[in-house]
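Working notes, structure below.
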Amino acid sequence: MPRGGEWRAAALAGLLALPMTVAATAWPDVPLPDGAQSIEVAGEMLFNGLPMSTRKFRTRMRPEEVQRFYREQWAGAVVEDDLGTGTVMGHLQGRHYITVQVEAVGGGTEATVGVMDTRAKPSKQRPGDWLVQPANTEVLSDVQYLDLTGQPRTLALRNTLSPSQNYLFYRSRLAADDWKPEGAGCSVMASQCLVEFSRGGEHLSLAIQREGGSTTVLANRTGR
């Protein structure tokens, strides 16, 4: 089960990791350090209804060297944010906002490069509308993978209910839409749990974790 900090990083990674293959010529070129090995990732995506693109790369350079590379590339026009598990560097280039998430891997670095079109019109559907939610729940991110079979979605939510209360809510409300629970549920004392539901050929998993005074729910739907 991922730790809370990793979930926050994953939610922000949704802002970083999105479509490189859709209308590729429309996306700006993002420089990579010399010797970097590019890694292909999923193509077309929507993040909170906005089109985005992504790519990853690995390099033997240390994270601080990669950060220095982008500071030089975007001199005077870069914003940095420490995630705890790594650093995110942001740069506005025309209508596109470019982010690079830098993390130490082995003796080198793995980085996720994301590009978002800041002038694109968002989807008419509000982020998170596809999944019922308890009252006073905050939508952190809603990512839809357009080029994968069934267009799976990942939704990150946060509220003040306990993991058990979240599970009981979803077990009750999803049953009304013919979702059937699979495996173990979530005990009253649990601080984290992974619960799963199925409906025909669809699958929905909820990774629920309590941290401090709030609970994060990471929902993944596949097979639609």
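The values are calculated or read from the model by the stated rules, or taken from the named source; none is laboratory data. Predicted model, so just to flag it, every value in this text is computed and none were measured. Methodologically, a virtual Cβ is constructed for each residue, glycine included, from the backbone with ideal geometry; neighbour enumeration extends over all protein chains shown. Each accessible area value is taken on the protein alone, full model and side chains, heavy atoms only, with ligands, DNA and RNA left out. Shrake-Rupley method; radii C 1.70, N 1.55, O 1.52, S 1.80 Å.
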Restricting attention to strands (runs of 3 or more DSSP E) lying wholly within the range 132-224, give those where 1 or more residues are within 17 Å of the chain's Cα centre (by Cα). 138-145, 153-159, 202-211, 214-222
Residues within the range 136-190 that are among the hydroxyl-bearing types (Ser, Thr, Tyr), surrounded by fewer than 17 Cβ atoms within 10 Å (Cβ to Cβ) and modelled with pLDDT under 95, tallied: 2
Starting from the range 174-191, take each residue that is more than 19 Å from Leu161 (Cα to Cα) and list its partners that are basic (Lys, Arg) and open to solvent by 60 Å² or more (accessible area, probe 1.4 Å), counting only C-beta distances under 6 angstrom and pairs at least six apart or across chains. Asp178/Arg199; Trp179/Arg199; Pro181/Arg171
Restrict the check to the range 14-21 and report whether at least one residue is aliphatic (A, V, I, L, M) and at pLDDT 50 or above. no
Take the residues in the range 32-89 that are under 25 Å from Lys121 (Cβ atoms) and of a type in the set (Gly, Ala, Ser); name whichever of them is surrounded by the most Cβ atoms within 10 Å (Cβ to Cβ). Ser53
Test result for Gln101, polar (S, T, N, Q) and farther than 24 Å from Tyr145 by Cα: no
